[in-house]
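Scroll down for the structure; my scribbles are underneath it.
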Amino acid sequence: MATIVKPGISVETSRQNNAQVRETVEGILSRIETEGDAAVRDLSQQFDGWNPESFRLTKEQIDACVARLSERELEDIRFAQAQVRRFAEAQKNALQNIEVETLPGVFLGHKNIPVDSVACYVPGGKYPLVASAHMGVVTAKVAGVPRVIACSPPFDGEPNAAVVAAMHLAGADEIYCFGGVQAIGAVAIGTESIAPVNMIVGPGNAFVAEAKRQLFGRVGIDLFAGPTETVVVADETCDVEMAATDLLGQAEHGYNSPSVLVTTCAELAEALPTEIERQLQTLATAEIAGKSWQDYGQIILCDSDEEMLQVTNDMAFEHVEIITKDPRYFLDNMRNYGALFLGPETNVAYGDKVIGTNHTLPTGKAARYTGGLWVGKFIKTCTYQRVSEEATVEIGEYCSRLCALEGFAGHGAQADLRVKRYRKD
């Protein structure tokens, strides 16, 4: 039976925090709905101290941001985007339009159609997440979305040059410098100066995630991407330095980022807290990572690989690192996860920044029913049908009887009309 060596924050505390976030977001979205640009401007000043003449960046402003980066920095961004693009193109190639003749004269098919417009949110509160520009904008463009806008909050009182350059190089059609709930609300609801989009994607803090949740239905979203989650599944082959490094590497995302060790190795479970404290002494982001580990970090000791699998499947975490003798066992049997990282040679940071798989992934147990952002999220698979005169008589007779079974007289009349009109005898 699994033993919780170190517990995380209580469910009740987490529930109270969520309720406060929900109420705050409702008020902000209501203001944007009624006040438009004025509300966005006031909220941007209030939360970010940012009140420019226009939130949309001009070509000159974008060019200036690109010019501020070194050639090495630009090349690194291009490299990462090339990996994301290559994988997204492979995924798109797996999506095929189809048409099949299911009965003589009955042709059914589907077409894969990109959505018309998408907003890609790039977080930038504590860290300017350059990689989120690749994950959103590049993938949307590979999918064929005609209008892709990108937005990110100011960083240190101005647009972050690296983020803007990444948005531009990724192919964004419009770039805005604003963030938070006000940005999500503006692009979803629309204002006097911003045409609304059909879909919003990208990670963010709890407020951004809640804004997307409340706006879902009015616009499409990728998924509910809340605070990042990481579990390291390890046996005795994993050394404590690697386990601590990988857990703290994700705990630094925010004060409420769960990082969990699930292990069959009692020695590893026992040694981890000391190693965490040792690494926090030199980690530049120790204030955030240490608080996150203290409140949300967990250590769970299991009896077997099978029990580790069960525990991890139940957690349905965003990131799952497998550092065991047989990583393939988990690949073959894991069902609930955002992304898997198999073996000590890889890690979550590769997926976050450069390797090509998308880093916008399900959190809050959403991995039970959805995967992460991919090219298919931007594409609608829409069905169609066409039927010959002979086939419509056959289908129509079945349809008429089935409509009568349900009491749908008007539906039945549609079928009866075709049978009467196209019957040859």
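The values are calculated or read from the model by the stated rules, or taken from the named source; none is laboratory data. Because the structure is predicted, anything quoted here is derived from the model rather than measured. Note that each Cβ is placed from the backbone with ideal geometry, even for glycine, and that neighbours are counted across all protein chains shown. Keep in mind that these areas ignore ligands, DNA and RNA; they rest on the heavy atoms of the full protein, side chains included. Shrake-Rupley method; radii C 1.70, N 1.55, O 1.52, S 1.80 Å.
Scanning segment 267-302 for residues that are of a type outside the set (A, V, I, L, M, F, W, C) and within 30 Å of the chain's Cα centre (by Cα) yields Q279, T285, E287, G290, K291, S292, Q294, D295, Y296, G297, Q298.
Within the option set F330, F317, being within 15 Å of the chain's Cα centre (by Cα) and over 19 Å from M135 (Cα atoms) holds for one residue only, F317. Residues in segment 1-21 that are surrounded by fewer than 14 Cβ atoms within 10 Å (Cβ to Cβ), within 19 Å of Q310 (Cβ to Cβ) and at pLDDT below 80: 1 in all. Considering (1) without any contact (Cβ under 8 Å) to a residue 40 or more places away in the chain; (2) crowded, with 16+ Cβ neighbours inside 10 Å; (3) in contact with a strand residue (DSSP E or B) (Cβ under 8 Å, 6 or more places away or on another chain), the lone condition that S292 does not fulfil carries the number (1).
Scoring V260 on the criteria (1) of a type in the set (A, V, I, L, M); (2) under 24 Å from the mean Cα position of the chain (by Cα); (3) part of a helix (DSSP H, G or I) leaves a single failure, condition (3). Please go through segment 365-398 and pick out each residue that is assigned to a helix (DSSP H, G or I) and closer than 23 Å to D116 by Cβ. Residues satisfying the conditions are V375, G376, K377, F378.
Residues checked against (1) open to solvent by less than 30 Å² (accessible area, probe 1.4 Å); (2) in contact (Cβ under 8 Å) with a residue 60 or more places away in the chain; (3) under 16 Å from V348 (Cα atoms); (4) not charged (D, E, K, R):
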{"residue": "L283", "(1), (2), (3), (4)": "no, no, no, yes"}
{"residue": "G297", "(1), (2), (3), (4)": "yes, yes, no, yes"}
{"residue": "C302", "(1), (2), (3), (4)": "yes, yes, no, yes"}
{"residue": "E307", "(1), (2), (3), (4)": "no, yes, no, no"}
{"residue": "D314", "(1), (2), (3), (4)": "no, no, no, no"}
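Scanning segment 126-156 for residues that are touching a helix residue (DSSP H, G or I) at 6+ places or on another chain (Cβ under 7 Å), part of a strand (DSSP E or B) and not small (G, A, S) yields a total of 3. With the checklist (1) assigned to a helix (DSSP H, G or I); (2) more than 17 Å from T237 (Cβ to Cβ); (3) open to solvent by 20 Å² or more (accessible area, probe 1.4 Å) in hand, flag the one item L331 doesn't pass. Exception for L331: condition (2). If you filter segment 104-120 down to residues that are of a type in the set (G, A, S) and within 21 Å of the chain's Cα centre (by Cα), you find that the one that is nearest to D222 (Cα to Cα) is A119. Restricting attention to segment 77-104, and to residues there that are free of Cβ contacts under 8 Å to residues at least 12 places away in the same chain and of a type in the set (D, E, K, R), which single residue is most open to solvent (accessible area, probe 1.4 Å)? Residue satisfying both the conditions and the ranking: E101.
Residues in segment 181-218 that are modelled with pLDDT of 95 or more, assigned to a helix (DSSP H, G or I) and among the small types (G, A, S): A183, G185, A186, A188, A211. Residue check: L43 meets all listed conditions (1) under 24 Å from H359 (Cβ atoms); (2) buried (at least 19 other Cβ atoms within 10 Å of the Cβ) but one, namely (1). Would a scan of segment 70-84 turn up a residue that is within 20 Å of the chain's Cα centre (by Cα) and either part of a strand (DSSP E or B) or closer than 25 Å to T381 by Cα (or both)? Yes; the residues of segment 70-84 include at least one that is within 20 Å of the chain's Cα centre (by Cα) and either part of a strand (DSSP E or B) or closer than 25 Å to T381 by Cα (or both). I'd like to know if segment 384-401 contains one or more residues that are under 25 Å from the mean Cα position of the chain (by Cα), polar (S, T, N, Q) and open to solvent by 10 Å² or more (accessible area, probe 1.4 Å). Scanning segment 384-401, I find no residue that is under 25 Å from the mean Cα position of the chain (by Cα), polar (S, T, N, Q) and open to solvent by 10 Å² or more (accessible area, probe 1.4 Å), so the answer is no. Among the residues of segment 88-124, those identified as farther than 30 Å from C399 by Cβ and assigned to a strand (DSSP E or B) are P114, S117, V118, A119, C120, Y121. The condition of being at pLDDT 95 or above, of a type in the set (F, W, Y) and under 29 Å from V354 (Cα atoms) holds for only one of F55, F107, that being F55.
Condition check ((1) over 20 Å from V375 (Cβ atoms); (2) touching a residue at least 24 places away in the same chain (Cβ under 8 Å)) across all residues:
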{"residue": "R335", "(1), (2)": "yes, no"}
{"residue": "A349", "(1), (2)": "yes, yes"}
{"residue": "D352", "(1), (2)": "no, yes"}
{"residue": "T357", "(1), (2)": "no, yes"}
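One residue stands out in segment 223-257 among those that are part of a strand (DSSP E or B) and of a type in the set (A, V, I, L, M): the one that is nearest to the chain's Cα centre (by Cα), namely V231. Flag: R328 does not match the condition of being out of contact with any strand residue (DSSP E or B) (no Cβ under 8 Å at 6 or more places or on another chain) and farther than 24 Å from P7 by Cβ.
With respect to the stated conditions, D63 is open to solvent by less than 70 Å² (accessible area, probe 1.4 Å), among the acidic types (D, E), part of a helix (DSSP H, G or I) and farther than 25 Å from K212 by Cβ.
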